[in-house]
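A.B. asks: Encoded as structure tokens, here's the structure I'll be asking about.
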Amino acid sequence: MDDNNSQSESSKSKPDLIDENSELSNSNNDDTSLENIVRSFQDSMSVSKKHKFWETQPVGQYKDVGDTNLPEGPIEPPTPLSEVKQEPYNLPSAYEWTTCDMDSEETCNEVYLLLKNNYVEDDENMFRFNYSKEFLTWALRVPGYYKSWHIGVRAKGSKKLVAFITGIPARIRVNDKVVKMAEINFLCVHKKLRSKRLAPVMIKEVTRRVHLEDIWQAAYTAGVVLPTPVATCQYWHRSLNPKKLIDVGFSRLGARMTMSRTIKLYKLPDSTVTNGFRKMELRDVPAVTRLLRNYLGQFVVAPDFDENDVEHWLLPHEDVVDSYLVESPETHEITDFCSFYTLPSSILGNQSYSTLKAAYSYYNVATKTPLSQLMNDALIVAKQKDFDVFNALDVMQNEGFLKELKFGPGDGQLHYYLYNYRIRNALRPSELGLVLL
Ligand SMILES: CC(C)(COP(=O)(O)OP(=O)(O)OC[C@H]1O[C@@H](n2cnc3c(N)ncnc32)[C@H](O)[C@@H]1OP(=O)(O)O)[C@@H](O)C(=O)NCCC(=O)NCCS
């Protein structure tokens, strides 16, 4: 591998903890502004511990933060396709590249197990994401996907899958430009192979394969601070099954709270309250697309969804994605829409429970129903479906319902990044219209 300094454990949108004591408290945005984060991070770094890899990449560099003279747009121009490296990057001699065919049940199972055992954990190593096979297939076999972007590394001898990274194609609008991008996700290196600089090779290889398709930009998220976030968001959590969340250590009993008062606090009605609230169906795709495109237009960075994308990403898919809408009983117009995806976490080392069932807020649009009422209905259906917790980022207009609906702030942050695309100023979470899985 081409460089050899090491980096501590990273985590993405980690399944983090809620503190019932800070449940309804303010999240202090001043402390989390990008410049403060970058500054405190730089201060805490010794000169030798810089980003040896990321400093070589066309991403916003710390030294450029605040320099508004730099133009918005690609950092580097595309190179002629004939100049893109044709052979894969070198791996250590005991390992080989593999393209993971997610149509193959066997491969899908190998990917599932690699992630189940080695993917993102919270800081205390109590929970680890457990993306289902169905979810992985949905997340990776998207309209126009490239099999070559589903990249694995195997041990040559045993053929065991030891690392993984993926890209999927997406059109993402940044201000008024729609840019073809890759969304990079599921970067994972087996626990036994950590800190050996395998991740930079994986990232360079997926980048090379993205370039081969004449795509030069990417979007990704991570729990770690890298050069340089375009936005820093926070997860909020709404307890649906507070007793279990407390039993497994996901949340704590608040000061002066008893279990029964806590259960009462989070109790939800048995059925939804909005007239005309129903599950989305195939016939709703055009209306939902119009609603969503119109809504996402207000954010600085957002996907440019067409009907194919909406059908793929938002049509309900059992145990993967749920979508509901409000159809006016009088006019039959579709006026509101909400959705969430299913991402359980394994509970590590608990005698009584093995899985935390979490729903993650996805895309929501309210034009007639108050957003907090719409989201309260989403909470009610999530509760009916036996989810333990409903998570939401503070992106888009989510801040408008989080506190009212008794979400509490989590202890981790999720940073958003663009590869080879500069934006002039870091965004507030409310300027971001993009949710990555
Ligand atoms: C993330 C992971 C693949 C990194 O591998 P590693 O063995 O810890 O680190 P390596 O020695 O291979 O590489 C370190 C380099 O990768 C970078 N890196 C670490 N995590 C990263 C991430 N999530 N995204 C992009 N780059 C990352 C580091 O910043 C470092 O580069 P730098 O010197 O320029 O800062 C590994 O820790 C892992 O599988 N963690 C659990 C799953 C996870 O968190 N995945 C990322 C989800 S966003």
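The values are calculated or read from the model by the stated rules, or taken from the named source; none is laboratory data. Since the structure is predicted, the reported quantities are computational estimates derived from the model, not experimental observations. Here Cβ is always computed from backbone atoms with ideal geometry, including for glycine, and neighbour counts include all displayed protein chains. To get the accessible areas, we keep the full protein, side chains included, count just its heavy atoms, and leave off ligands, DNA and RNA. Shrake-Rupley method; radii C 1.70, N 1.55, O 1.52, S 1.80 Å.
A.B. asks: In terms of modelled amide H atoms, which long-range or inter-chain residues lie less than 5 Å from the amide H of TYR95?
C.D. replies: Here LYS156 satisfy the definition.
A.B. asks: Ok, one more. Does anyone have the angle between helix 105-118 and the longest principal axis of the chain? Alpha-carbon axes, 0 to 90°, nearest 10?
C.D. replies: Approximately 80 degrees, to the nearest ten.
A.B. asks: Quick query: amide H of ARG422 versus all other amide H atoms, modeled in the peptide plane; which residues come in under 5 Å with a sequence gap of 5 or more or a different chain?
C.D. replies: Under 5 Å from the amide H of ARG422 lie the amide H atoms of GLY73, ILE75, each far enough along the sequence or on another chain.
A.B. asks: If you plug each phi of region 271-287 into the Karplus form 6.51 cos²θ - 1.76 cosθ + 1.60 with θ = phi - 60°, what whole-Hz ³J(HN,Hα) values come out, in order, with x for Gly and Pro?
C.D. replies: So the J values, rounded to whole Hz, are 9, 5, 10, 6, 4, x, 6, 8, 5, 5, 10, 3, 5, 8, 4, x, 5.
A.B. asks: Could you check which residue among GLN384, GLN86, GLN397 shows the biggest mean-square fluctuation in a GNM of the chain with a 10 Å Cα cutoff?
C.D. replies: Of GLN384, GLN86, GLN397, the Gaussian network model singles out GLN86 as fluctuating most.
A.B. asks: With θ set to phi - 60° and the Karplus curve 6.51 cos²θ - 1.76 cosθ + 1.60, what are the ³J(HN,Hα) couplings of region 208-216 in order, to the nearest whole Hz, using x for Gly and Pro?
C.D. replies: Each residue's phi maps through the Karplus curve to give 4, 6, 5, 4, 4, 9, 6, 10, 10 Hz.
A.B. asks: Using only the Cα atoms, work out Rg/Rh for the chain, with Rh taken as the Kirkwood radius, to two decimals.
C.D. replies: 0.95
A.B. asks: Another one. Write down the accessible area per residue of the chain in Å², having rolled a 1.4 Å probe over the full set of protein chains.
C.D. replies: For the chain, the solvent-accessible area averages 44 Å² per residue.
A.B. asks: Which residues make up the longest stretch of the chain clear of GluC sites (Glu not before Pro) that lie in a DSSP loop with no more than 15 other Cβ atoms within 10 Å, not counting the sites?
C.D. replies: Within the chain, the longest run free of exposed GluC sites (Glu not before Pro) spans 125-280.
A.B. asks: Just to confirm a number: summing +1 for Lys and Arg and -1 for Asp and Glu over residues other than TYR419 whose beta-carbon lies under 11 angstrom from that of TYR419, what do you get?
C.D. replies: -1
A.B. asks: What does DSSP give for the chain in terms of the percent of beta bridges that are antiparallel, rounded to the nearest 5?
C.D. replies: Roughly 90 percent of the DSSP beta bridges within the chain come out antiparallel.
A.B. asks: Report the net charge of residues surrounding ALA139, where surrounding means a beta-carbon distance below 12 angstrom and charges are Lys +1, Arg +1, Asp -1, Glu -1.
C.D. replies: Every neighbour counted, the sum reads 0.
A.B. asks: How many percent of the accessible area of region 56-227 is carbon or sulfur, using a 1.4 Å probe?
C.D. replies: 50
A.B. asks: Something else now. Under 5 Å between amide hydrogens, which residues at least 5 positions from GLY410 or on another chain qualify, with H placed 1.01 Å from N in the peptide plane?
C.D. replies: TYR235, TRP236, HIS237
A.B. asks: Moving on. Apply the Karplus curve 6.51 cos²θ - 1.76 cosθ + 1.60, θ = phi - 60°, to the phi angles in region 424-437 and return the couplings in whole Hz, x for Gly and Pro.
C.D. replies: 5, 10, 4, 9, 6, x, 6, 9, 9, x, 10, 10, 9, 7
A.B. asks: Tell me, what % of the accessible area of region 233-431 is carbon and sulfur with a 1.4 angstrom probe?
C.D. replies: It is 46 percent, rounded to a whole number.
A.B. asks: Around MET396, what is the net charge, scoring Lys/Arg as +1 and Asp/Glu as -1 over all other residues with Cβ under 15 Å from its Cβ?
C.D. replies: -1
A.B. asks: Also, quick follow-up: Between TYR266 and GLN397, what FRET efficiency comes out of the Förster formula 1/(1 + (r/R0)^6) with R0 = 22 Å and r the beta carbon distance, rounded to 0.05?
C.D. replies: Between GLN397 and TYR266 the formula returns 0.45.
A.B. asks: Any idea what angle helix 371-384 forms with the longest principal axis of the chain, computed on alpha-carbon atoms, 0 to 90 degrees, nearest 10?
C.D. replies: Taking Cα atoms only, the helix is inclined about 90 degrees.
A.B. asks: Which pairs in the list LYS264/LYS383; LYS133/LYS204; LYS243/LYS383 are over 19 Å apart, alpha-carbon to alpha-carbon?
C.D. replies: The answer is LYS133/LYS204.
A.B. asks: Is region 380-436 best put as rounded, prolate or oblate by its Cα gyration tensor, with a ≥ b ≥ c the root eigenvalues, rounded for a/c under 1.5, and otherwise prolate when a/b is larger than b/c, oblate when not?
C.D. replies: It is prolate, given that a/c is not under 1.5 and a/b is the larger ratio.
A.B. asks: Enumerate by residue number the trypsin sites (Lys or Arg not before Pro) in region 330-437 meeting two conditions: DSSP loop (anything except H, G, I, E, B), and at most 16 other Cβ atoms within 10 Å of the site's Cβ.
C.D. replies: Qualifying residues, ordered by number: LYS368, LYS385, ARG424.
A.B. asks: With axes computed from alpha carbons, what is the tilt in degrees of helix 34-44 against the longest principal axis of the chain, rounded to the nearest 10 within 0 to 90?
C.D. replies: Helix 34-44 sits roughly 50 degrees off the main axis of the chain.
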